[in-house]
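Below is one structure; the comments refer to it alone.
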Amino acid sequence: MSVEKIFDAVLDFEEDDVVALVKKEITAGTDVAKILNEGLIGAMDEVGKQFSAGILFVPEMLMAAQAMKAGLDELKPHLAKGASATRGTVIIGTVKGDLHDIGKNLVAMIMEGAGFEVFDVGMDVDVEKFLSAAKEKNANIIAMSALLTTTMPAMEEVVKAIRAQGLSIKTLVGGAPVTPAFAQKIGADAYCEDAPAAVEAARSFVA
Ligand code: B1M
């Protein structure tokens, strides 16, 4: 019931209320996955629908994103529980031209919680930055996020550059418009629908 209040508070752009409600639910022992999926992510899905329908516009989308992020920050220590010995090193970023970072941040957080050493290179990341970070950190995996159909091709550039330079780095791709067929077409090593899928794929590559 109260998770619905979190959903509503994100849609009302009430950042302080979102934080207070998330805290309340954590204290009440509500499953953090429920708070995340039904409260925070569910609200952003609704924001996306309303944006598509012309009900909400970019400023509102941004305010909802800020409220969601504040809730996510509150949830972070609880999501990252269970960290164990480092399983591998991951470079994660949102591809060139793309400024959406909420999903990427979430994936980074969950991967860290699953025991990976994660270096977040931010958003609007070009091929050179992905590759130089991977070389510097001796990473096994590059995880890429794209939320725009127009920025998806940037993922292929990274995959191609890894091949061209003969690097043994696995590539994971994800983000709302990305599909398994697209991942296969560009030669990525794995398509990840969400954060747990990214953990699963990464584990399979460093096992
Ligand atoms: Co934008 N936006 N946006 N936006 N935005 C979308 C993506 C859109 C679908 C909205 C819509 O039309 N319904 C649409 C894209 C259409 C398309 O190309 N298919 C869109 C548009 C058009 C735009 C602009 C072009 C709008 C404009 O200016 N006219 C503009 C582009 C700016 C740019 O990037 N250059 C823009 C801007 C923005 C804001 C800045 C206002 C803001 C982003 C704030 C921020 O991220 N800091 C924003 C937001 C908030 C959204 C929506 C509403 C929400 C995205 C989000 O955070 N979802 C979004 C609609 C939607 O997706 N529902 C929309 C919550 C997040 C947890 O989910 O990111 O999907 P998601 O991540 C998931 C999975 O996808 C996966 O795991 C996560 C957890 O399950 N995943 C990965 C993601 N990355 C992964 C990486 C991995 C693995 C899994 O690595 C291996």
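The values are calculated or read from the model by the stated rules, or taken from the named source; none is laboratory data. Everything quoted here is computed from the prediction, not taken from an experiment. Reconstructed Cβ throughout: ideal geometry from the backbone, glycine too, with neighbour counts over all protein chains shown. Calculation scope for accessible area: heavy atoms of the full protein, side chains included, ligands and nucleic acids excluded. Shrake-Rupley method; radii C 1.70, N 1.55, O 1.52, S 1.80 Å.
Which helices, counted as full DSSP H runs in the chain, have an axial Cα extent of no less than 27 Å and a Kyte-Doolittle average of -1.0 or above?
Span-like helices in the chain: 58-79.
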Original post:
Quick one: Karplus J couplings for the stretch 140-149, per residue in order, coefficients 6.51, -1.76, 1.60, θ = phi - 60°, nearest Hz, x for Gly and Pro?
Top reply: 8, 9, 10, 10, 10, 10, 9, 10, 10, 4
Original post:
For the chain, what % of the accessible area comes from carbon and sulfur atoms, probe 1.4 Å?
Top reply: 53 percent
Subject >> Among Thr171, Thr94, Thr150, residue whose mean-square fluctuation peaks in a GNM of the chain (springs only between Cα atoms under 10 Å) >> reply: Thr150
Original post:
How much accessible surface does Lys129 have with a 1.4 Å probe, in Å² rounded to 10?
Top reply: 100 Å²
Original post:
So what is log10(I(q)/I(0)) for the chain at q = 0.09, 0.10, 0.14 1/Å, when the Debye sum runs over its Cα atoms only?
Top reply: -0.35, -0.43, -0.83
**OP:** Could you run the Karplus curve 6.51 cos²θ - 1.76 cosθ + 1.60 with θ = phi - 60° over the stretch 175-183 and give me ³J(HN,Hα) per residue in whole Hz, x for Gly and Pro?
**Re:** x, 3, x, 6, 10, x, 5, 5, 4
Original post:
Once the piece of chain linking Ser132 and Ile55 is laid out straight, how much longer is it, given 0.36 nm per residue of separation minus the C-alpha distance between them?
Top reply: 23.6 nm
Subject >> Flagged links, alpha-carbon separation over 23 Å, of Lys24/Lys76; Lys24/Lys104; Lys34/Lys170; Lys5/Lys49; Lys76/Lys185 >> reply: Lys24/Lys104; Lys34/Lys170; Lys76/Lys185
Original post:
Just the accessible area per residue of the stretch 123-204, please: how many Å² with a 1.4 Å probe?
Top reply: 50 Å²
Subject >> Residue of Gly115, Gly103, Gly48 that the Gaussian network model of the chain assigns the largest fluctuation, springs spanning Cα pairs under 10 Å >> reply: Gly48
Original post:
What translational diffusion coefficient, in µm²/s and rounded to a whole number, does the Stokes-Einstein relation yield for the stretch 3-83 at 20 °C and a viscosity of 1.002 mPa s, taking the hydrodynamic radius as the Kirkwood radius over Cα pairs?
Top reply: 172 µm²/s
**OP:** Enumerate the amide H contacts of Gly88 below 5 Å, restricted to partners 5 or more residues apart or on another chain; note that Pro and chain-start residues carry no placed amide H.
**Re:** Glu117
**OP:** Quick one: pull the percentage of alpha-carbon pairs in the stretch 89-206 with a separation above 19 Å.
**Re:** 34 percent
Subject >> Only Lys, Arg (+1) and Asp, Glu (-1) charged, at Cβ; the stretch 89-206 dipole about Cα centre in debye >> reply: 340 debye
**OP:** Could you please put Glu25, Glu193, Glu74 in sequence from largest to smallest accessible area, using a 1.4 Å probe?
**Re:** Glu193, Glu74, Glu25
Original post:
Quick one: accessible area per residue over the stretch 3-83, 1.4 Å probe, rounded to a whole number of Å²?
Top reply: 55 Å²
